[in-house]
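K.L.:
Starting off with a structure, shown below.
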Amino acid sequence: MLLHIFSDQLGDGILTWLDDILGYAEDEAALLTLLDKVLARCESYGLKLHAKKCTFFSTEVKWGGRIISAQGVKHCPERVQGLVDMQLPRTGAGLQQFLCAVNWMRQSIPEYTRISAVLYDALGLAAKVGGSRKKKMLANVDLVDVAWGAQETAGFEDVRQALLRMVPLAYPSPSSEVCLYSDASQDFWGAVVTHWSRTKSNCLWRSNITSRLVF
């Protein structure tokens, strides 16, 4: 519903997620102007806002499971810590749950494909033993039965450490140049999308400001 109501403003000071609205601007005056527009649009559609759930003039907000600020976008620390604190999985279902949760954060993890490969191999073997990738079937597969050992345990720890080193991502800028870097080996492939802008039109590459958008 919000996508329809704010369709002409999405990406131009307004973002929506389910029933949440996020408004952003470069300064207070612009934010006040935007707030007037949002309130007017809500009034015209008969939308009521819960005052206690509204936050105004924040420099950092938690939204959609992420922390949004002028410095970029990063995942909520408590979500990350929850994954880091997870014990070694004992079943295929436990491993699947861990990988699915981390997969939601993988765009902030450089070399995630390589780091997590041994765990996905173990999950694939568990699915073969259980006859399905469904959680119900994987819950009956003990990881010991798929030769879970020191290598897989080390891989699990590598992923947990990678979560602690996640890279905050920048906001796309229409005025910046977008660069795509990709590479592949016999076993893995990967890519990173960045954008950069020059402080002066004739400056050297080393003077450019480069920001990472996604891995």
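Please treat every number below as a calculation from the coordinates, not as lab data. Predicted, not measured: the structure shown is a model, and the values here were computed from it. Please note: Cβ atoms are built from the backbone with ideal geometry, for glycine as well, and neighbour counts cover all protein chains shown.
K.L.:
Round to the nearest 0.05 the FRET efficiency obtained for Asp187 and Gln71 when R0 = 30 Å and r is the Cβ-Cβ distance.
P.N.:
The formula returns an efficiency of 0.30 here.
K.L.:
Determine the gain in length on full extension of the stretch Arg165-Glu26; use 0.36 nm per residue of separation and subtract their C-alpha separation, reporting nm with one decimal.
P.N.:
47.2 nm is the gain from fully extending Arg165 to Glu26.
K.L.:
Shifting gears a bit: So what is the calculated 222 nm ellipticity per residue for the chain, using -39500 (n - 2.57) for each DSSP H run with n of 4 or more, over all residues, to the nearest 500 deg cm²/dmol?
P.N.:
-11000 deg cm²/dmol
K.L.:
Another one. What is the fewest-to-most order of Val146, Val80, Val214 by other Cβ atoms lying within 10 Å of their Cβ?
P.N.:
Lowest count first: Val214, Val80, Val146.
K.L.:
Test of understanding: ordering Val38, Val129 by Cβ neighbours within 10 Å, fewest first, what list do you get?
P.N.:
Going from sparsest to densest Cβ surroundings: Val129, Val38.
K.L.:
Using the basic label-point model (7 angstrom from Cα toward the beta carbon), what is the Asp121 to Glu78 distance in nanometres?
P.N.:
Here the answer is 3.8 nm between the modelled labels.
K.L.:
Moving on to the next point. Work out, in µm²/s and without decimals, the Stokes-Einstein translational diffusion coefficient of the chain at 25 °C, 0.890 mPa s, Rh from Kirkwood over C-alpha pairs.
P.N.:
It comes out at roughly 119 µm²/s.
K.L.:
Report Rg(Cα)/(2.2 N^0.38 Å) for the range 2-57, keeping two decimals.
P.N.:
Dividing the Cα Rg of the range 2-57 by 2.2 N^0.38 Å gives 1.06.
K.L.:
Okay, moving on. So, in Å, what gap is there between the alpha-carbon centers of the range 1-44 and the range 121-155?
P.N.:
One Cα centre to the other: 46 Å.
K.L.:
Could you tell me the calculated FRET efficiency between Ala154 and Cys100, based on Cβ-Cβ distance and R0 = 25 angstrom, to the nearest 0.05?
P.N.:
The value I calculate is 0.75.
K.L.:
Ratio of alpha-carbon Rg to the 2.2 N^0.38 Å globular estimate for the range 78-164, to two decimals, please.
P.N.:
It is 1.02.
K.L.:
With a point put 7 Å past each Cα toward its Cβ, work out how far Ala139 is from Ala51 in nm, to one decimal.
P.N.:
A separation of 4.5 nm, rounded to one decimal place.
K.L.:
Show me, for the range 109-114, the HN-Hα J-couplings you get by feeding each phi into the Karplus relation (A = 6.51, B = -1.76, C = 1.60, θ = phi - 60°), rounded to Hz, glycine and proline as x.
P.N.:
Each residue of the range 109-114 in turn: 10, x, 6, 4, 4, 5 Hz.
K.L.:
While we're on this one: May I ask which residue of Ala93, Leu22, Ile109 lies farthest towards the positive end of the charge dipole of the chain, with charges of +1 (Lys, Arg) and -1 (Asp, Glu) on Cβ and the Cα centre as origin?
P.N.:
Ala93
K.L.:
Counting other C-beta atoms within 10 Å, which of Arg90, Arg106 has the fewest, and how do the rest follow?
P.N.:
Arg90, Arg106
K.L.:
Once phi is turned into ³J(HN,Hα) by the Karplus curve 6.51 cos²θ - 1.76 cosθ + 1.60 with θ = phi - 60°, what whole-Hz value does each residue of the range 35-49 show in order, with x for glycine and proline?
P.N.:
4, 4, 5, 5, 5, 5, 5, 4, 5, 5, 9, x, 7, 10, 9
K.L.:
Sticking with this structure for a sec: Looking only at the range 1-28, which residues have a backbone nitrogen under 16 Å from a spot 7 Å from the Cα of Ser58 in the C-beta direction?
P.N.:
Taking a point 7 Å out along Cα→Cβ of Ser58, the residues of the range 1-28 whose backbone N falls under 16 Å are 14-25.
K.L.:
Further question: Quick one: 3J(HN,Hα) in Hz for the range 61-76, Karplus 6.51/-1.76/1.60 with θ = phi - 60°, rounded, Gly and Pro as x.
P.N.:
9, 9, 8, x, x, 10, 9, 10, 8, 5, 7, x, 10, 9, 7, 4
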